[in-house]
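Peer 1: Take this structure, written in structure tokens, and hold onto it; I'll ask about it next.
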Amino acid sequence: MSSHPPVRDWATDFDHTDPGWVTDPFPIWDELRETCPVAHSDRYGGTWLPVRHEDVAAVAYDTEHFTSRQVIVSEARPGPNDLPAPIGIAPPITSDPPFHALARRLLLPAFAPKPIAALEPSTRELCRELLDATAGKSTFDAAVEYAQEIPVRVIVRMLGFPQEDAPRFRQFIHQIIEAVDVPAEERRELQDQGELGEYFEARINEHLANPQSDLTTFLLEAELDGNKLEPDHVMGTMILLMVAGIDTTWSAIGASIWHLATHPEDRHRLAAEPELLPTAVEEFLRAYAPVTMARMVSQDFEFQGCPMRAGDWMLLPFPAANRDPEVSRMPIGW
Ligand code: HEM
């Protein structure tokens with residue numbers, strides 16, 4: 001939860017770590033869409049917030065005025081030790097064109113339908129084991145004991161790390177994703193990969209000595225223009241895959257369970273019509289879209305009448321865009 005003072009006004013002082021936003025951001029975005037579709041806050045050194053689909057999409061596609069060099073809004077700014085654009089600290093998500101396309105393309109074979117389908121049986125088995133472990137309990141925390149357990153264990157398996165290390169990944173995620181509103185110095189210390197860097201380095205060395213058929217060996221053997229990837233690139237992408245694979249998915253599973261728990265009519269309908277499951281999954285992903293990344297303004301310019309300054313943050317609330325009535329009509333109560 002936020003260590004910042006409470007938000008005074010969502011149009012001029014918003015903070016995405018404020019308990020009001022964390023608990024229920026939807027009415028905030030609805031109101032902003034009507035009154036101030038590109039909000040601003042002096043927090044984090046200056047941050048903008050578009051909430052209409054059209055504006056979020058425009059920013060995401062505009063690589064001339066916005067850089068992906070840093071994609072997590074926090075008190076800490078890119079420092080001298082950070083890898084500069086266009087590669088960034090965790091390629092491809094922190095890369096800008098033209099390098100971005102290359103760094104992204106080299107990952108695609110590892111995420112093709114066939115290798116992903118191969119993970120399905122073990123993932124289903126894991127889910128069943130987690131549910132079996134709740135047998136006999138009258139209540140349990142579905143977020144902590146179910147949703148959070150799945151991605152951590154799956155990504156540990158994909159990267160080829162020891163399963164018993166899975167719990168450590170929760171701490172790593174907290175460091176990178178959750179502790180965003182701490183003071184800049186503290187944030188830098190958390191980001192200074194320390195234990196996280198040492199941990200990944202040890203796994204990389206093990207894989208160099210003893211290659212496996214997993215994502216770590218895949219990255220160590222990958223080539224760009226006939227050359228092996230720089231060690232920083234390999235480490236940055238591994239950390240990205242850990243974060244991208246865990247934080248997104250546990251939020252998506254948790255939000256879906258929460259929706260079904262609070263909307264019995266949808267729960268009953270899904271139980272009665274299981275063929276709706278693929279549609280339901282798509283809708284959960286759209287409505288609760290568990291990724292809010294950011295860009296940094298790379299040059300002074302005007303966007304939707306707002307004066308952007310180089311170095312300002314631009315928060316991209318994808319779920320706000322997905323709920324814009326101009327492009328989607330959410331059922332009442334979603
Ligand atoms: C519910 C699950 C997920 C959601 C909603 C999601 C969403 C997103 C979004 C919105 C972006 C773009 C961010 C931006 O424009 O800055 C992104 C990028 C990315 N995600 Fe995911 N993601 C999910 C799961 C995963 C998983 C499981 C992995 C891998 C293990 C993954 C790997 C990546 C990578 C490598 C990128 C960077 C792609 C690029 O820069 O071209 N994601 N994800």
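Peer 1: Testing residue 59 on (1) surrounded by 19 or more Cβ atoms within 10 Å (Cβ to Cβ); (2) out of contact with any strand residue (DSSP E or B) (no Cβ under 7 Å at 6 or more places or on another chain); (3) modelled with pLDDT of 95 or more, one condition comes back false. Which one is that?
Peer 2: Result: residue 59 fails condition (2) only.
Peer 1: Suppose we filter 92, 167 for residues that are surrounded by 11 or more Cβ atoms within 10 Å (Cβ to Cβ) and in a loop (DSSP other than H, G, I, E, B); which single one remains?
Peer 2: 92
Peer 1: Counting only residues that are within 16 Å of the ligand (Cβ to nearest atom) and either crowded, with 16+ Cβ neighbours inside 10 Å or in contact (Cβ under 8 Å) with a residue 12 or more places away in the chain (or both), give me the helices (runs of 4 or more DSSP H) lying completely in region 242-331 with at least 2 of them.
Peer 2: 277-288, 318-322
Peer 1: Would region 70-82 turn up any residue that is within 14 Å of the ligand (Cβ to nearest atom), within 19 Å of the chain's Cα centre (by Cα) and not β-branched (Val, Ile, Thr)?
Peer 2: For region 70-82, residues within 14 Å of the ligand (Cβ to nearest atom), within 19 Å of the chain's Cα centre (by Cα) and not β-branched (Val, Ile, Thr): present.
Peer 1: Restricting the search to region 93-109, which residues are within 16 Å of residue 216 (Cα to Cα) and either charged (D, E, K, R) or within 19 Å of the chain's Cα centre (by Cα) (or both)? Don't jump to the end; show me each part of the working.
Peer 2: Step one: list which residues in region 93-109 are within 16 Å of residue 216 (Cα to Cα), which gives 103-104, 106-109.
Result: 103, 104, 107, 108.
Peer 1: Could you tell me whether region 68-76 includes any residue that is farther than 30 Å from residue 333 by Cβ, among the aliphatic types (A, V, I, L, M), out of contact with any Asp or Glu (no Cβ under 8 Å at 6 or more places or on another chain) and surrounded by fewer than 21 Cβ atoms within 10 Å (Cβ to Cβ)?
Peer 2: Yes, region 68-76 contains a residue that is farther than 30 Å from residue 333 by Cβ, among the aliphatic types (A, V, I, L, M), out of contact with any Asp or Glu (no Cβ under 8 Å at 6 or more places or on another chain) and surrounded by fewer than 21 Cβ atoms within 10 Å (Cβ to Cβ).
Peer 1: For the condition touching a residue at least 12 places away in the same chain (Cβ under 8 Å), farther than 25 Å from residue 237 by Cβ, surrounded by 13 or more Cβ atoms within 10 Å (Cβ to Cβ) and under 19 Å from the mean Cα position of the chain (by Cα), what is the one hit in 16, 40?
Peer 2: Within the list 16, 40, the selection yields 16.
Peer 1: Still on this structure: Output the number of the condition that residue 157 fails; it satisfies all remaining conditions of (1) closer than 30 Å to residue 228 by Cβ; (2) of a type outside the set (A, V, I, L, M, F, W, C); (3) at pLDDT 95 or above.
Peer 2: Just one mismatch for residue 157, condition (3).
Per-residue answers, yes or no, for (1) modelled with pLDDT of 95 or more; (2) of a type in the set (S, T, N, Q); (3) within 14 Å of the ligand (Cβ to nearest atom):
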position: 120; (1), (2), (3): yes, no, yes
position: 132; (1), (2), (3): yes, no, no
position: 143; (1), (2), (3): no, no, no
position: 168; (1), (2), (3): no, no, no
position: 187; (1), (2), (3): no, no, no
position: 200; (1), (2), (3): no, no, no
position: 204; (1), (2), (3): yes, no, no
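Peer 1: Shifting gears a bit: When residue 152 is evaluated against the numbered criteria (1) away from the ligand (no atom under 13 Å from the Cβ); (2) surrounded by 13 or more Cβ atoms within 10 Å (Cβ to Cβ), which criterion, by number, is the only one it fails?
Peer 2: For residue 152, the exception is condition (1).
Peer 1: Just to be sure before I move on: is residue 26 closer than 20 Å to residue 288 by Cα and surrounded by fewer than 18 Cβ atoms within 10 Å (Cβ to Cβ) in the structure I sent?
Peer 2: Yes: the conditions hold for residue 26.
Peer 1: In region 201-231, how many residues are among the charged types (D, E, K, R) and surrounded by 13 or more Cβ atoms within 10 Å (Cβ to Cβ)?
Peer 2: Count: 6.
The values are calculated or read from the model by the stated rules, or taken from the named source; none is laboratory data. On a predicted model such as this, the values are computed, not experimentally measured, just so you know. We place every Cβ from the backbone using ideal geometry, glycine too, and count neighbours over all the protein chains shown.
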